[in-house]
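Participant: Before I ask anything, let me first share the structure, which is written out below as structure tokens.
Throughout, read-outs are computed from the coordinates displayed, never taken from laboratory work. Not measured: the values here are computed from a predicted model. Every residue, glycine among them, receives a Cβ derived from its backbone with ideal geometry; neighbour counts consider all protein chains shown.
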Amino acid sequence: MSSESDNKQATLALGTQPVGKLLFQYALPAIIAMVASSMYNIIDRAFIGQVVGPIAISGLAITFPFMNLSGAFGAAVGVGSATAISLKLGQKDYLSAEEILGNTVTLNLIIGFGFAVICFLFLDPILYFFGASKETIPYARSFMQIILLGNVVTHMYFGMNAVLRAASKPRQAMTATIFTVLMNIALDVLFILVLHWGIRGAATATVLSQTLALIYQLKLFSNKKELLHFKPGIYKLKRRLVKNIVSVGISPFLMNLCACLVIIFINNQLVRYGGDLSVGSYGIASAVSTMFVMIVMGLNQGMQPIAGYNYGAQKLDRVMRVLKLAILSAIVIWTIGWLISMFFPEYIARIFTNDKELIKLSVFAIRVDMLVTPVVGLQMVVTNFFQCIGKVKVSIFLSLSRQLLFLLPLLYTLPLFFGVNGVWYSLPVSDFIAANVAFVMLLTYMRKFKKQLKLSENG
């Protein structure tokens, strides 16, 4: 049997095999990959905090909006392409799926290069806007200069990984990510501990490890036996395909863009009410929450091809089944995160720093940040689900409501009454409100789905 027919079989299985088995099969590699990808950020922070010092961690935290902004463009193309490819494969339109692959490469090259050039030109003003001080800006600048040099690689690496998952190759996507992490750790040891390159060493390790993983991905897509592979004529941008990619990718783009704006505001409020070390404690607390965000994102990525394919094939009972399983799994994952954060925050903080003041601030930050997280799982899955089935407006609303409607006003008002603690309190309060809104939206659409399901069964 050829590789192409194997791929077709794997794709067709999305509509026939038990949903629980499929979700496990697709989500587990994606979860491992996402945990791995969050690991190398955590490892960078740990190396920098322990070797370079507490102010360096704060400098690194200043760069998070940059990473989010770059990730926003990457997600717009990667997630948009992956969803569009899943739907085309569900409709057995293999030619369009290949053209989307080619357009993904072209878009990543254009956006990755354009983003890097603009940010290089205005690097210092951007970093001050993001909350940098005279103490933290040398660290933030040193890190970002290297990261921006490799920006095209980063975009392409994340884009190709998303396409691999959509093309029924979750294991290869996982392999690429795990390789990146292991290589990043090895290079962190070399550049930071042996060569003493400091924060620049961490950035160089990140870019180099992603470059090597990208070479592996490009080799996979160069295999002509694969269902999706590189070939002449697929790289020219087509308005129809770009529109298709962007219409789906706009939701995660706006989500990441909002996350970027929110982090900028948090950093500035923390500097204003608490000082540079408060920004560092946010860097540590967000490392913890990011880990669990990544696990649920991996779960969402596993759900995406199953929900997308079955919705495209009008198998609505299977769509509902995968949604329920994903929500339950996400709640369990976040509950584990909550337990660890409530009972062992000091042990977590010590991974990143030996500074007593920073440990004290981080323990409080971790506990408050993770206070209501069991309900966050529901909000994340529901938002992603609406995206998977093409209900982009609903997905955008749910993505943005937590950040813009709830979190930003709270970030402004609560510190007026509670000082720096108000910045922290705003995080769990907005999480709780957003989860309830997502639940109400889900119930509304569940009723519509049930009606559709009855009609399809009777029909």
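Participant: When a/c reaches 1.5 or more, the comparison of a/b and b/c decides; with that in mind, is the stretch 112-197 rounded, prolate or oblate per its Cα gyration tensor?
Facilitator: Details: a/c = 3.00, a/b = 1.48, b/c = 2.03.
Verdict is oblate for the stretch 112-197.
Participant: Output the DSSP H helices from the chain with an along-axis C-alpha extent of no less than 24 Å and a mean Kyte-Doolittle hydropathy no less than -1.0. If you can, show how the numbers build up before the last one.
Facilitator: On the way: long enough: 19-47 (41 Å, 1.07); 64-90 (37 Å, 1.09); 94-121 (41 Å, 1.47); 170-188 (27 Å, 0.74); 198-221 (35 Å, 0.91); 239-273 (49 Å, 1.06); 276-312 (50 Å, 0.66); 316-343 (41 Å, 1.55); 420-458 (58 Å, 0.32).
Membrane-span-like by this criterion, though nothing is claimed about a membrane: 19-47, 64-90, 94-121, 170-188, 198-221, 239-273, 276-312, 316-343, 420-458.
Participant: Mind sorting Ile351, Ile306, Ile55 by how few other Cβ atoms lie within 10 Å of their own Cβ, fewest first? Kindly include the intermediate steps, with their values, before the conclusion.
Facilitator: On the way: Ile351 16, Ile306 28, Ile55 19.
With the sparsest Cβ surroundings first, the list reads Ile351, Ile55, Ile306.
Participant: Please work out the C-alpha center-to-center distance from the stretch 324-403 to the stretch 258-272 and express it in whole Å.
Facilitator: Going from one Cα centre to the other spans 18 Å.
Participant: Compute the Rg to Rh ratio over the stretch 385-459 from the alpha carbon atoms, using the Kirkwood formula for Rh, and round to two decimal places.
Facilitator: Working: Rg = 17.3 Å, Rh = 14.2 Å.
My calculation of the ratio gives 1.21.
Participant: In terms of the Cα gyration tensor, with a ≥ b ≥ c the square roots of its eigenvalues, is the stretch 316-369 rounded because a/c is under 1.5, prolate because a/b exceeds b/c, or oblate?
Facilitator: Values: a/c = 4.51, a/b = 4.31, b/c = 1.05.
Taking the square roots of the gyration eigenvalues as a ≥ b ≥ c, the stretch 316-369 is prolate.
Participant: A further question follows. Compare the peptides 395-406, 202-213 by average per-residue count of other Cβ atoms within 10 angstrom and give them in order, highest first. Please list the in-between numbers first.
Facilitator: On the way: 395-406: 20.4, 202-213: 22.4.
Highest mean packing first, the order is 202-213, 395-406.
Participant: Arrange the peptides 91-97, 130-136, 163-169, 76-82 so that the one whose residues have, on average, the most other Cβ atoms within 10 Å appears first.
Facilitator: On the way: 91-97: 15.1, 130-136: 20.0, 163-169: 25.9, 76-82: 28.1.
Going by the mean number of other Cβ atoms within 10 Å, highest first, we get 76-82, 163-169, 130-136, 91-97.
Participant: Over the C-alpha atoms of the stretch 338-446, what are the Rg and the largest Cα-to-Cα span, Dmax, in Å?
Facilitator: 16.3, 50
Participant: If you don't mind, another one. By what distance, in whole Å, do the Cα atoms of the stretch 204-342 stretch along each of the three principal axes, largest value first?
Facilitator: 56, 42, 28
Participant: Could you pull the Cα extents of the stretch 64-150 along its three principal axes, largest to smallest, in whole Å?
Facilitator: For the stretch 64-150, the Cα spread along each principal axis is 57, 18, 15 Å.
Participant: Starting from the coordinates of the alpha-carbon atoms of the stretch 15-458, obtain the Kirkwood hydrodynamic radius over all distinct pairs and give the value in Å to one decimal. Please report the intermediate quantities before stating the final value.
Facilitator: Numbers: mean 1/r = 0.0452 Å⁻¹.
By the Kirkwood definition, the hydrodynamic radius is 22.1 Å.
Participant: If neighbour count is taken as other Cβ atoms inside 10 Å, put His155, His229, His196 in order from fewest to most. Intermediate results must be reported in sequence, preceding the final value.
Facilitator: Numbers: His155 27, His229 17, His196 10.
Taking fewest neighbouring Cβ atoms as first place, the list is His196, His229, His155.
Participant: Among the listed pairs Lys360/Lys393; Lys169/Lys451; Lys169/Lys448; Lys134/Lys243; Lys21/Lys450, give every one whose C-alpha distance is greater than 31 Å. If you can, show how the numbers build up before the last one.
Facilitator: Details: Lys360/Lys393 42 Å; Lys169/Lys451 34 Å; Lys169/Lys448 33 Å; Lys134/Lys243 43 Å; Lys21/Lys450 23 Å.
Checking Cα-Cα distances, Lys360/Lys393; Lys169/Lys451; Lys169/Lys448; Lys134/Lys243 exceed 31 Å.
Participant: In which sequence would Val440, Val242 go, from the one with the fewest C-beta neighbours within 10 Å to the one with the most?
Facilitator: Values: Val440 9, Val242 18.
Least crowded to most crowded, the residues run Val440, Val242.
Participant: Same structure, new question: Between Met446 and Gln145, what is the FRET efficiency for a Förster distance of 41 Å, r being their Cβ-Cβ separation, to the nearest 0.05?
Facilitator: On the way: r = 49 Å, r/R0 = 1.20.
Efficiency, from the Cβ-Cβ distance: 0.25.
Participant: Could you sort the peptides 289-302, 258-271 by per-residue average Cβ neighbour count (10 Å cutoff), highest mean leading?
Facilitator: Working: 289-302: 23.2, 258-271: 21.5.
The packing order, highest mean first, is 289-302, 258-271.
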